[in-house]
Structures are given as structure tokens and as C-alpha cells.
Amino acid sequence: MYAADNLTLIDLPELTKVAVNGQSESIVKGIENVVRSYTEKPNRIILAISPANQDRAASDPIIISREVDPSGEITFGVLKDIDLMDKGTDAVDRLGKSSVLESIVGKDSLPRGSGIVTRRPLVLKLQTIDDGTREYAEFLHLPRKRFTDFAAVRKEIQDEIDRETGRSKAISSVPIHLSIYSPDVVNLRLIDLPELTKVAVDGQSESIVKGIENVVRSYIEKPNDIILAISPVKKDLASSDAIKISREVYPSGERTFGVLTKIDLVDYGTNAVEILEERSFKLKDPV
């Protein structure tokens, strides 16, 4: 324990990934330079502040503090908004990605958990049936087995991920192919991709950051696909990984839909109207 008679606190701008309305494209690098100019000074302590319901591997303050202070000797991690963590469960869908996909499918069939859950691409094919057959699911790797229990579908997805990657936190570019046949779906193909991350966590190779980005790019750069850039509304859209990479692939916003999730967790006294009406951030550039 130590006591300090004099203490200087410096509140720095929040790191961002894309310029929003009225901002120069240089703002992203400009903010990073300002932050580094202070955090790289000697005789300082870094407070890396992140929301408790955000994956630490996706935290901008943690990634930049690791670059400046790799050993973590002068860095303190600070969690905020602990009261907004999902209650009654350890399985956190931090982006709301699983909820969006399951609302399209109409079934709770995707694995959930903390950290990187989608560790292999999931190619999900929906096909309408109207012959009175009970809805069912089939995996390409189990061609003669029909699943009518969608809790078993979720378990098989997780088991198949583990078969390819082991029970580590590694990822694989080898996709899982799942078909769902139901009278309540439209003919559609969806691809669930791993969530982008910024730092490797315990048990992961340092190459995982670039590895996930390469997997994601290999799918979203295909000319006939539509990108759903999913971000929680509480998160500043300028710091959204999904929007950043979709803008890099399609700068004009073509074939890109922004999907806002977790509107019920918006801070009290604020609302998402400016975002929904694209007054604070435009996903698609004017043409």
C-alpha cells in the first residue's frame, strides 16, 4: 500500500475506428496519437476502462495498453457498468449476434458463452417445406441424421467446433454446414462468422487476431453476399469492429445493413433515435 500527496489524472479521448458525420477521416489516427502521447510517458499509471459486459479481448484500452506496457506492470483494468451484465446466466451474447440470427431462424439453436463462441464459420441454409413434414435440421458431416430437438442442434455445433479445434480457444476457417427445413422459414443462406477481436487471451495464439480477420474478410469480400454489421446500441458506432471492417470492404456502404441490438440497455435518459435516423452516424454514404 502506498499514499500519494499529489496526483494528476488525465481524461483522454475514447479510441475510435471510423469517422462519424462531420469528422475528418484523420480523426481515428489523431485520437490514437493523442492517447499514446500520454500513455507512453514515464512515471504514469494506465487505467484501462472497459464495460463489464464487453469481451476484454475486444477492448480498445486494453489493446493499446498492452502495446505500451506488454508486461502489465503499470496497467490497472477497470470494469464499469457491472449492473448491466446479463443476469442469471454466465452465457453472454455480448453483441446480440446470436439473438439476431435466431430471430431469423425462429429457433434457439446457436451456442452462447463468454469470449469467442463462434470459432468456426457456420453456414446456415434455411429451406421452406410445405409437405406436412415436421421441421428438422441436418448437418453436412452427419448426412443421414435428422435433428428435431434444436437443443441437440446447439450441442452438436459446439461438439463439432471442439472436434476441429479441440477444447482450446483456437479458431478454424473450416465451416460447419447446417440446413434447417421448416414451413416457417424463407429460402435463405446465412453465415455466422467469428467475432473480431483485438488481443489474444489465455490459451490463444497471438496470431488469432489476424486469423479471425482473415476468415471474416474471406466471406464478406464475396460479391454476392450482404453484410449484417451487428453492434449493440450502447456501444459507440464509431468504435464498432463490424462497421469498421465493412467500410473497408465497401466504403460506400453498398450491400451493408447496420443492425442495432440491446436497445433495452441504453443509458437511462438517452435514446437511440439519432442513431436510428442516421443523424449521428451514416452507414451508407450519399450517392
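Taking amide H as placed 1.01 Å from N in the peptide plane, I49 has its amide H under 5 Å from the amide H of V78, each at least 5 places away in sequence or on another chain. Using a probe of 1.4 Å, the accessible surface attributed to H141 totals some 70 Å² when neighbouring protein chains are kept in position.
Under a 5 Å amide H cut-off, with hydrogens placed 1.01 Å from N, T118 pairs with E195 among residues at least 5 apart or on other chains. Each residue of the range 150-160 was assigned a 3J(HN,Hα) from its phi angle through the Karplus curve 6.51 cos²θ - 1.76 cosθ + 1.60 (θ = phi - 60°); the sequence is 7, 5, 5, 5, 4, 5, 5, 4, 5, 5, 5 Hz, with glycine and proline shown as x.
Given the pairs K125/K210; K169/K262; K97/K155; K29/K222, which are separated by over 22 angstrom at their Cα positions? Display every interim value, and only then the final one.
Numbers: K125/K210 27 Å; K169/K262 26 Å; K97/K155 18 Å; K29/K222 28 Å.
From the list (K125/K210; K169/K262; K97/K155; K29/K222), the Cα-Cα distance tops 22 Å for K125/K210; K169/K262; K29/K222.
The values are calculated or read from the model by the stated rules, or taken from the named source; none is laboratory data. Keep in mind that what you see is a predicted model, and the values were worked out from it rather than measured. For the accessible areas, the whole protein counts, side chains as well, though only heavy atoms, and no ligand, DNA or RNA atoms are used. Shrake-Rupley method; radii C 1.70, N 1.55, O 1.52, S 1.80 Å.
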